[in-house]
Structure formats: structure tokens, C-alpha cells
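A.B. asks: Below is a structure I'd like to ask you about.
Each value in this text was obtained by applying a stated rule to the coordinates, not by laboratory testing. These numbers come from a predicted model, not from an experiment. Here Cβ is always computed from backbone atoms with ideal geometry, including for glycine, and neighbour counts include all displayed protein chains.
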Amino acid sequence: MKEHIVSYAVKNDCYKAAQRLVPVGIVVHSTGANNPYLRRYVDSPAELGENIYNNHWNNPSPGGRKVCVHAFIGYDAGQNIRVAQILPYNMACWGCGQGGKGSYNSSHIQFEICEDNLNNRSYFEKVFSEAIEYCAYLCYIFRIDISDIVSHAEAYKKGYASNHGDCDHWLKRYGWTMDTFRKKVSEVYRKNYEEKTDYASLVCEKCGFTSQTREYLDRYTYSEDLWRKLWLAMG
Ligand SMILES: [Zn+2]
């Protein structure tokens, strides 16, 4: 995963409203317009190129609508797939509207995947692979359960969003569902975060073990498994 671009949409009414967010889930959107370039939505000319129409979301109400999300995923100026964050994660977004039971705007991190014409498999695979890595990252940072990742369409069915079909309509074209998406997030999560956890250091720090104690336990044939079990047993 390349470094995220951070370019807050400070002129957007949502940014100015600055409603507090403690994220407990993620909503995945796709834009519904054929334009894979981030500069269409994100105001960061140095990395993304100039938006000559000035119709990006660093405007009070983009397209006359009260909308903002935390991030977009799409092409930078050099056609590299990037994540571009436009709202801080502790700020609620205006992404999914209102459902019968309420809105995930006050509880979920939300991002848009830039659509192309939906017929390019290579773009689909690249942009969703970035979205999967991004979700794994967010789940790790904010201790979000992978089962709490939903699409806008799923959020609607649960009663917490407006009636939209994204991004399931795009996934369906390539034989995927949101379950496929979540399964891939959990695979990436395991690879990128769980396997890298340094249980030995965590245990030693919590228990105040000396380096001699650590060396002694490290000599045990199954030490890696032992450190992990000790850490989990500590709760
Ligand atoms: Zn949506």
C-alpha cells in the first residue's frame, strides 16, 4: 500500500460542521460516475493534477449536495492507485444518507471507490485490492471488526442508509459479493497485521521481564507459540 494522500476538504460544509465520530464500522461506496481520477473529487493538485472545473469536494456543497466522505480511492496523476483522505477519522462524514432506523454517518468511516466504465477487469482488481488493504488498515488502527464492513447497499438493507446499490453492482460483474470482499480483508489483515505481532515484546513489557528472562524463554522450541499463548492468556 502506497502512502495515503491527505488533503482535507476544509471548505466542505461537512468539515466545517465537525461532528464527532468514534468509528465502529466502515461503509464502502463507489462513485456511480465514469471517472477513475482522484482529481475529480480531491483537491490536491501537486499529486493528483489540476481539476480545471474546480468541481472537487473541497467545496461547501459539491454538486449542490450536502456530501462528504473520509476518503477516495482511484488514480493519481501518474495512474497509480492511491488512497486520498479528505476528512479526519474522528469527524463524522455525510456519506450514506438516512435509513428507516437511522444513519451510519454518525458511526462509520466511509470511502468512495472511483468508478470507471465498470468493464475494465484490470482496473477493478487494482482498485479493489487497494480498498481491501485500506479496510484491513482501518480495522487494525480502529479495532473495527471485519464483519462491521458493509457496502452502501447493505447499509440500506440494514436500515441505516439511503437506497443505493453501490458498490455491489460493480462487484457482481466480476462474480464477487461483499462477503468475497470481507473474506479478502480478513486474509490481508492476517498477513499484514496478525502475523507481524511481536508477542514476545508485548508480554515482556507487560510483565516487566528482564532481557535474561526473554532469552531464557526464547530458547524454548515452541517459544513463538508460547509468547502468543501467554499474551492471549493475559487478556
Ligand atoms: Zn454510496
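A.B. asks: With each label point set 7 Å from Cα along the Cα-Cβ vector, what nm distance links Asp148 and Met91?
C.D. replies: Going from the Asp148 label point to the Met91 one covers 2.2 nm.
A.B. asks: State the extension gain, in nm to one decimal, for the chain segment bounded by Asn80 and Ser122, taking 0.36 nm per residue of separation less the distance between their alpha-carbons. Show your work: numbers first, answer last.
C.D. replies: Numbers: separation 42, 0.36 × 42 = 15.12 nm, distance 1.27 nm.
Stretched fully, the Asn80-Ser122 segment lengthens by 13.9 nm.
A.B. asks: Compute the Cα gyration tensor for the chain, then decide on rounded, prolate or oblate, letting a ≥ b ≥ c be the square roots of its eigenvalues: rounded whenever a/c is under 1.5, prolate when a/b is larger than b/c in the other cases, and oblate in all that remain. Walk me through the numbers before you get to the answer.
C.D. replies: On the way: a/c = 1.95, a/b = 1.93, b/c = 1.01.
Cα axes put the chain in the prolate bin.
A.B. asks: Are there cysteines in the chain with no other Cys C-beta under 4.7 Å, and if so, which?
C.D. replies: Unpaired cysteines in the chain: Cys93, Cys96, Cys114, Cys135, Cys139, Cys167, Cys204, Cys207.
A.B. asks: Let me ask another. In the stretch 54-89, what trypsin sites (Lys or Arg not before Pro) fall in a loop by DSSP, with at most 11 other Cβ atoms inside 10 Å? If you can, show how the numbers build up before the last one.
C.D. replies: Details: sites: Arg65, Lys66, Arg82; in loops: Arg65, Lys66.
Counting only loop positions with at most 11 other Cβ atoms within 10 Å, the trypsin sites (Lys or Arg not before Pro) in the stretch 54-89 are Arg65.
A.B. asks: Within the stretch 1-63, which GluC sites (Glu not before Pro) sit in a loop by DSSP and count at most 16 neighbouring Cβ atoms inside 10 Å? Before the final figure, lay out the partial values.
C.D. replies: On the way: sites: Glu3, Glu47, Glu50; in loops: Glu3, Glu50.
The qualifying sites are Glu3, Glu50.
A.B. asks: Report for the chain the percent antiparallel among DSSP-assigned beta bridges with both residues inside it, nearest 5.
C.D. replies: Details: 7 of 22 bridges.
Around 30 percent of the beta bridges assigned by DSSP in the chain are antiparallel ones.
A.B. asks: Of all chymotrypsin sites (Phe, Trp or Tyr not before Pro) in the stretch 117-189, which ones are in loop regions per DSSP and have a Cβ with at most 13 other Cβ atoms within 10 Å?
C.D. replies: Values: sites: Tyr123, Phe124, Phe128, Tyr134, Tyr137, Tyr140, Phe142, Tyr156, Tyr160, Trp170, Tyr174, Trp176, Phe181, Tyr189; in loops: Tyr160, Tyr174, Trp176.
Filter output for the stretch 117-189: Tyr174.
A.B. asks: Counting only C-alpha contacts under 8 Å and six or more residues apart, can you give the relative contact order of the chain as a whole percent?
C.D. replies: Numbers: 418 pairs, mean separation 50.5, N = 235.
The normalised contact order for the chain reaches 21 percent.
A.B. asks: Tell me the angle of helix 178-189 to the major Cα principal axis of the chain, expressed in degrees between 0 and 90 and rounded to the nearest ten.
C.D. replies: 40
A.B. asks: Still on this structure, please answer the following. I'd like to compare 22-34, 220-232: which one has the highest average count of other Cβ atoms within 10 Å, and what's the full order after that? Numbers along the way, then the final one.
C.D. replies: Working: 22-34: 19.5, 220-232: 13.7.
Top to bottom by mean Cβ count within 10 Å: 22-34, 220-232.
A.B. asks: Quick check: residue separation of Glu194 and Thr213 times 0.36 nm, minus the Cα distance between them. What number comes out in nm?
C.D. replies: On the way: separation 19, 0.36 × 19 = 6.84 nm, distance 2.43 nm.
That pair, Glu194 and Thr213, stretches by 4.4 nm at full extension.
A.B. asks: Report, ordered by chain and residue number, the lysines lying within cross-link reach of Lys66, taken as a straight Cα distance under 25 Å and ignoring same-chain residues fewer than 8 apart.
C.D. replies: Candidates past the 8-residue exclusion: Lys11, Lys16, Lys101, Lys157, Lys158.
A.B. asks: Next question, about the same structure. What number, in percent, do you get for the relative contact order of the stretch 106-235 if the mean sequence gap of Cα pairs under 8 Å and at least 6 apart is divided by its residue count? Numbers along the way, then the final one.
C.D. replies: On the way: 74 pairs, mean separation 25.3, N = 130.
Relative CO of the stretch 106-235 lands at 19 percent.
A.B. asks: Compare the peptides 196-208, 6-18, 99-111 by average per-residue count of other Cβ atoms within 10 angstrom and give them in order, highest first. Intermediate values should be presented prior to the final figure.
C.D. replies: On the way: 196-208: 13.5, 6-18: 16.5, 99-111: 19.8.
Most protected by this proxy first, the peptides run 99-111, 6-18, 196-208.
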